[in-house]
1. Hand me the list of strands (runs of 3 or more DSSP E) wholly inside the stretch 43-142 holding 3 or more residues that are over 30 Å from SER261 (Cα atoms) and under 23 Å from the mean Cα position of the chain (by Cα).
2. Pairs please, first residue from the stretch 263-275 and within 19 Å of ALA246 (Cα to Cα) and modelled with pLDDT of 95 or more, second anywhere and polar (S, T, N, Q) and outside any strand (DSSP E or B), Cβ atoms under 7 Å, 6+ apart in sequence or on different chains.
3. Check off (1) without any contact (Cβ under 8 Å) to a residue 12 or more places away in the chain; (2) crowded, with 24+ Cβ neighbours inside 10 Å; (3) not hydroxyl-bearing (Ser, Thr, Tyr) for PRO112 and give me the number that stays unchecked.
4. Residues to consider are GLU301, GLU253, GLU297; find the one that is farther than 28 Å from SER140 by Cα, surrounded by 16 or more Cβ atoms within 10 Å (Cβ to Cβ) and of a type in the set (D, E, K, R).
5. When you scan the stretch 91-98, do you find a residue that is open to solvent by 10 Å² or more (accessible area, probe 1.4 Å), of a type in the set (D, E, K, R) and either under 20 Å from TRP191 (Cβ atoms) or at pLDDT below 95 (or both), even just one?
6. Quick one: which of GLY415, GLY391, GLY381 is touching a residue at least 24 places away in the same chain (Cβ under 8 Å) and under 19 Å from PRO320 (Cα atoms)?
7. Kindly list, by first and then second residue, each pair from a residue in the stretch 118-140 that is closer than 21 Å to ILE30 by Cα to a residue that is open to solvent by 50 Å² or more (accessible area, probe 1.4 Å) and part of a strand (DSSP E or B), limited to pairs with Cβ atoms under 8 Å and residues at least 6 apart or on different chains.
8. Can you tell me which residue in the stretch 408-433 is nearest to THR52 (Cα to Cα), limited to those that are crowded, with 23+ Cβ neighbours inside 10 Å and touching a helix residue (DSSP H, G or I) at 6+ places or on another chain (Cβ under 8 Å)?
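The values are calculated or read from the model by the stated rules, or taken from the named source; none is laboratory data. Source: prediction; values computed, not measured. For neighbour counting, all protein chains shown are included, and Cβ atoms are generated from backbone atoms with ideal geometry for every residue, glycine included. Please note that ligands, DNA and RNA were not included when accessible areas were found on the heavy atoms of the full protein model with its side chains. Shrake-Rupley method; radii C 1.70, N 1.55, O 1.52, S 1.80 Å.
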Amino acid sequence: MATLLRADPTFYASPRLAMQAPPETVAYVIIVNPGNGPDGLAVVDADRSSKTYGTVVGSLATTHSGDELHHFGWNACSSSLCPYAAHPHVERRYLLAPGIRSSRIYVIDTKPDPRSPRIVKTIEPEEVVNRAGYSRPHTSHCGPDGIYVSALGSPTGDGPGGIFIIDHDTFEVRGRWELDRGPQYLAYDFWWHLGYDTMITSEWGTPKMIEDGVNPDILLKGGYGHQLHIWDLPKRRHRQVIDLGAEQQMVLELRPAHDPSKAYGFVGVVTSLKDLSASVWAWHQDGDTWKARKVIEIPAEPADPEQLPPLLKGFKAVPPLVSDINLSLDDRFLYVSCWGTGEFLQYDVSDPFSPKKTGSVHLGGIVRRAAHPTSGPLNGGPQMVEVSRDGKRVYVSNGLYKAWDDQFYPDGLKGWVAKLDAGENGGFELDRKFFVQSDQRFHQVHLEGGDASSDSYCFA
């Protein structure tokens, strides 16, 4: 891996400077094969001036079947400009794509041709197990001192889940991140407040709890994750538990404020056992402790049981199933995906504790099957969401996790990616020229040069 004499030009000291970056020309999208073949990566043309805009212009297939690629991320990003960064001259060049089923991680080179990515290294499951004691890697984030990867559990499929570190240069697994995990057992997402030496982690379930789909017995007993965990980032030690209550099931995606001087963020909760509603909570620092409170609640929608999958027939309602959220770089607009109802929402969160709804559109949904302007009825719903650095473009895809896709959309899930154009003062509309469909499933989207969920910053 080459060492740059100057910092990578796609690194920005602050989110304000990142918002002035050139627009992306390609989007990278994880492909999940619903059958027995390998997964991969699709390259979609995001350049409005291009004749192939909104179409797949490149692709890559992995070397094994059954990986189920999930949340991928860059090897390096703007956190490399932090004053204490161990690798200030690494290059944003490689994407790390973990297989949530296989525990295999692919290192993908996006240069010299961004439209023709290629696999340059494979981290085998045995290395993850032997060096970190974890399996089922889920999310990767580029940190100032290494590549951080969360894992859902142990090699046996039980817990605890946690975080391990991969070296920036060699892509070798260094080892487990936690020195003292305290009571933390379940794992899912993680992010940090670099200006406050604080990490936040969330909870889903162990591999055994999720790999065959939603387990009604576990769900109705409140057995899936319902806590946030606060950590001392440099000391790698657990500090505090914030319990949202056992009725709040599956506390998933974390989106901290991008401004490193701010100590708050948002987390999505998939469903409430009380009424199948979904919610978004805001965490914040209060003196020496951290607290969280519900700031958005999205109700379930009544439905004819004949239109519902078996898991939901008895409830006679469609749950929103908030599966992803994202926050624009100026910390102004929060985007919320309701994978169950098919609604995609925008909120003005200038006041993080009093969000104001500013936009809504429907695509797919368990019952509604809302169409894109250029499509027929759609299945799936808005799931993973990515926001461009300038906040003007928003990308959504519809694949969640194969076992869960099949459970909630038993007639089969056809993959799609849509794009929306966001207004400067709120609101958005679908881009009629950008809608990609496939018989394979699309999961997460990342953008050339970075996006709203790729980078963290040390300067305001």
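1. In the stretch 43-142, 56-65, 105-109, 118-123 are the strands (runs of 3 or more DSSP E) which contain 3 or more residues that are over 30 Å from SER261 (Cα atoms) and under 23 Å from the mean Cα position of the chain (by Cα).
2. Listed pairs, sorted by first residue: VAL267/SER202.
3. Tallying (1) without any contact (Cβ under 8 Å) to a residue 12 or more places away in the chain; (2) crowded, with 24+ Cβ neighbours inside 10 Å; (3) not hydroxyl-bearing (Ser, Thr, Tyr), PRO112 fails exactly one: (2).
4. The match here is GLU301.
5. Taking every residue of the stretch 91-98 in turn, at least one turns out to be open to solvent by 10 Å² or more (accessible area, probe 1.4 Å), of a type in the set (D, E, K, R) and either under 20 Å from TRP191 (Cβ atoms) or at pLDDT below 95 (or both).
6. From the options GLY415, GLY391, GLY381, the qualifying one is GLY381.
7. Cβ pairs passing all conditions: ILE119/THR63; THR122/THR63.
8. So the residue we want is LEU413.
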